[in-house]
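K.L.:
After the structure tokens below, expect a handful of questions from me.
Derivation of every value follows stated rules applied to the coordinates shown; laboratory data play no part. Here the structure is a predicted model, which is why all the values come from computation and not from measurement. Cβ: placed from backbone, ideal geometry, glycine included. Neighbour counts: every protein chain shown.
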Amino acid sequence: MNMAAEMSARRADYTAWTSGTRPERRPLPEGLEIAPCANLDSMSEILGALRKLKHDKNFISKVFESRDKQLFPRDLLVATVPTKKKGGRRPIGVIRRSMLFDKKKRSTDLSIDFVWVLPDYRSCGMGRQLMAAGLISGKPKTVHLQIAGSEANTAALGLYTSLGFVWEEHEENAKEKTEMVLKAELAEQAVANVAAAGKPPLPLPRVSSELAVESGGRVTLRLTTGKPSPPQSKRRAPQDEQQRAVRLSAG
């Protein structure tokens, strides 16, 4: 695929997204799972939606059929949600990764070149969940992220920068920026931050209060957490305490 065709294909969806009005934020769908894709049999809905965007004829083949042997099947991670059919699941998003050898550093890095979510499931944090799932493979590595649509893709840049991505050094002065980088030491922290943000807040314990009148007329306030304790029957003071109280009142 030539560069012009590839860039055109990668821009096909984001332009429609950024030019319109962004919908309100929604919660993540219930039952969300992100798992490796061993085969493409379950991906028909996503493949069909991408074909409707009129991508270059080689685009889908490049993304979905040219699998990375070093990562397979973890090179293609798919987000799914339950369907009404018992045991059924619907694919709603995908992220593609591959291994990248850096000749200058003589080390193996991770490359992410495709992140996509069905339009009905956008603006709910799905892209963030997919990114978090894709940032780690074995020992944390530096992650290279290919940006669909260059720096004009403002809808995605906010997400990427919040995860810690910065423009690659050689991109800083480039006319059109296309690649961001996340250092290996920041990748693990980015995943942890996403996981922590997705956890529901812990419920506050219920606090119940109880006034207790003890012998001698002393009143105490008892605070307990959890379910309120059942009312207790009035406790009679032991006989020696009653006698002591009588002696004190008699002077």
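K.L.:
Which of the pairs 54/85; 103/141; 52/85; 57/105; 54/86; 105/175 have their Cα atoms more than 23 Å apart in this structure?
P.N.:
Numbers: 54/85 31 Å; 103/141 15 Å; 52/85 26 Å; 57/105 35 Å; 54/86 34 Å; 105/175 25 Å.
Over 23 Å apart, Cα to Cα: 54/85; 52/85; 57/105; 54/86; 105/175.
K.L.:
Using DSSP to call loops (not H, G, I, E or B), can you name the trypsin sites (Lys or Arg not before Pro) in the stretch 116-193 whose Cβ has at most 15 other Cβ atoms within 10 angstrom? Don't skip to the answer; put the middle values down first.
P.N.:
Details: sites: 122, 128, 141, 175, 177, 183; in loops: 122, 141, 175, 177, 183.
Counting only loop positions with at most 15 other Cβ atoms within 10 Å, the trypsin sites (Lys or Arg not before Pro) in the stretch 116-193 are 175, 183.
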